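Engineer: Handing you a structure now.
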Amino acid sequence: MYGWIWRKLPGNAAIKAAISLLLILGVVYALFQYVFPWAEPLLPFNDVTVDQ
Amino acid sequence: MVASTDQEERADDSPAPAPRRRSRRGRVLTAISVFGELLITGGLVLGLFVVYSLWWTNVLADREAKKQGNEVRETWEESGSGPGELDTKGGVGFLHVPAMGERDILVKKGTSTKDLNDGTAGYYTEPVKSALPQDDKGNFSLAAHRDGHGAKFHNIHKLKNGDSIVFESKDKWYVYKVYAKLPETSKYNVSVLSAVPKESGKKKAGRYITLTTCTPIYTSKHRYIVWGELERVEKVDSERTPPAELG
């Protein structure tokens, strides 16, 4: 999978590495900004109140 | 020229059967390696989620709490030193708990996830309506996060009987003393919020404070409860000199 992406990226190894880094940063950003805030309330780690 | 390169390519392609045999085995290997890479990816994502929950939400919440806290203090200054009617919009005041290593926890109305995620503590409006510190009798009941989102009550287990909890409003310091705790109770135990919290051993109406958060650390299986009783009230002076307990 990652090998396939690596081969699909244009340019020489340095350019590929740079693009890969950007892709990784993009994915981490999307996770922190959208995915985790959405997933967090669905998980039972952070309920602090007593309730009926 | 063109024809000759075509022939060369065809010549290169000619040993076809061998790669096809390899590719059948290759496909299985590819499937296995893709599966493995997905597992690794899943592990990394879970690791990142831990980083998010325990670090990043704190960064965001502390920033937000500081901003909102400053706004409250500014409003207090602007509205002058007259006997303050309580402004509950931005927050009612600040909680200081030296034994927990926490100062200036902004206290706001309501315990919804959205409010608490701003790195603040909230006083209950449901299921049991909290009293406010200035009320003659009642229980001032609060909730805040144990982990992540500011983790304001992270060190609640460090509170011992006799430790002080100080609530700062616009014109008063309310000094409470811890007298009882419940290290583990059901999350459905709303009786801990009662005006007279019987489980803490009290039978008569008084001016109590209740802190609730989740326990054990990093999960929400149970609730941790700490009760305090009002010891004295001090007027805020022009310098906002904190009471001795916060010295």
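Values quoted throughout were computed directly from the atomic coordinates according to the rules given, and no laboratory measurement underlies them. Keep in mind the model is a prediction, meaning the values are calculated, not measured. In this analysis, Cβ positions are derived from the backbone assuming ideal geometry, glycine residues included, and neighbour counts consider all displayed protein chains.
Engineer: For B:E37 and A:I19, what does the FRET efficiency come to when R0 = 25 Å and r is the distance between their Cβ atoms, rounded to the nearest 0.05?
Structural biologist: So, using R0 = 25 Å, E works out to roughly 0.85.
Engineer: Decide, for the stretch B:84-183, between rounded, prolate and oblate: order the square roots of the alpha carbon gyration tensor eigenvalues as a ≥ b ≥ c, take rounded if a/c falls under 1.5, and otherwise choose prolate if a/b is larger than b/c, else oblate.
Structural biologist: Rounded shape, in that the Cα axes give a/c under 1.5.
Engineer: If you don't mind, there's one more thing I want to ask. Under a point-charge model restricted to the Cβ atoms of Lys and Arg (+1) and Asp and Glu (-1), what is the dipole moment magnitude of the protein assembly as shown relative to its Cα centre, in debye to the nearest 20?
Structural biologist: Roughly 1200 debye for the protein assembly as shown.
Engineer: Another one. What is the order of B:S238, A:S20, B:S164, fewest Cβ neighbours within 10 Å to most?
Structural biologist: Final ranking by Cβ density, sparse to dense: B:S238, A:S20, B:S164.
Engineer: How would you rank B:169-180, B:137-148, B:187-198, highest first, on the average number of other Cβ atoms within 10 Å across their residues?
Structural biologist: Packing proxy ranking, top to bottom: B:137-148, B:169-180, B:187-198.
Engineer: Please tell me which of these pairs span more than 19 angstrom C-alpha to C-alpha: B:K108/B:K177; B:K66/B:K108; B:K108/B:K160; B:K137/B:K172; B:K198/B:K235?
Structural biologist: The answer is B:K108/B:K177; B:K108/B:K160; B:K198/B:K235.
Engineer: Normalise the Cα radius of gyration of chain A by 2.2 N^0.38 Å (N = residues in it) and let me know the number.
Structural biologist: Rg over 2.2 N^0.38 Å, computed on Cα atoms: 1.85.
Engineer: Another question about this same structure. If the only charges are +1 at each Lys and Arg Cβ and -1 at each Asp and Glu Cβ, what is the size of the charge dipole of the stretch B:177-247 around the Cα centre, to the nearest 20 debye?
Structural biologist: So the dipole magnitude of the stretch B:177-247 works out to roughly 400 debye.
Engineer: Hey, what do the phi angles of the stretch A:29-43 turn into as Karplus ³J(HN,Hα) couplings, whole Hz, using 6.51/-1.76/1.60 and θ = phi - 60°, x for Gly and Pro?
Structural biologist: 4, 4, 5, 5, 7, 10, 6, 5, x, 6, 6, 4, x, 7, 9
Engineer: Considering Cα pairs under 8 angstrom that are at least six residues apart, work out the relative contact order of the stretch B:88-171 and quote it in whole percent.
Structural biologist: Result for the stretch B:88-171 is 32 percent.
Engineer: Can I ask one more? Go from 0 up to the bin containing the longest alpha carbon distance in the protein assembly as shown, width 10 Å each, and give me the % of pairs per bin.
Structural biologist: All Cα pairs, binned at 10 Å, distribute as 6, 22, 25, 15, 9, 8, 6, 4, 3, 2, 0 percent.
Engineer: Using +1 at the C-beta of Lys and Arg and -1 at the C-beta of Asp and Glu, which of A:G26, B:L38, B:H96 has the Cα lying farthest in the positive direction of the dipole of the protein assembly as shown?
Structural biologist: It is B:L38.
Engineer: Quick check on the protein assembly as shown: helices-only [θ] at 222 nm, where DSSP H runs of length 4 and up contribute -39,500 (n - 2.57) each and the sum goes over total residues. Nearest 500, please.
Structural biologist: Result for the protein assembly as shown, helices only: -11000 deg cm²/dmol.
Engineer: What residues have an amide H closer than 5 Å to that of B:A180, excluding those fewer than 5 places away on the same chain, when H is modeled at 1.01 Å from N in the peptide plane?
Structural biologist: B:W227
Engineer: Among rounded, prolate and oblate, which fits the stretch B:56-246 when a ≥ b ≥ c are the square roots of the eigenvalues of its C-alpha gyration tensor, a/c under 1.5 means rounded, and a/b larger than b/c means prolate?
Structural biologist: Judged from the Cα gyration tensor, the stretch B:56-246 comes out oblate (a/c at least 1.5, b/c at or above a/b).
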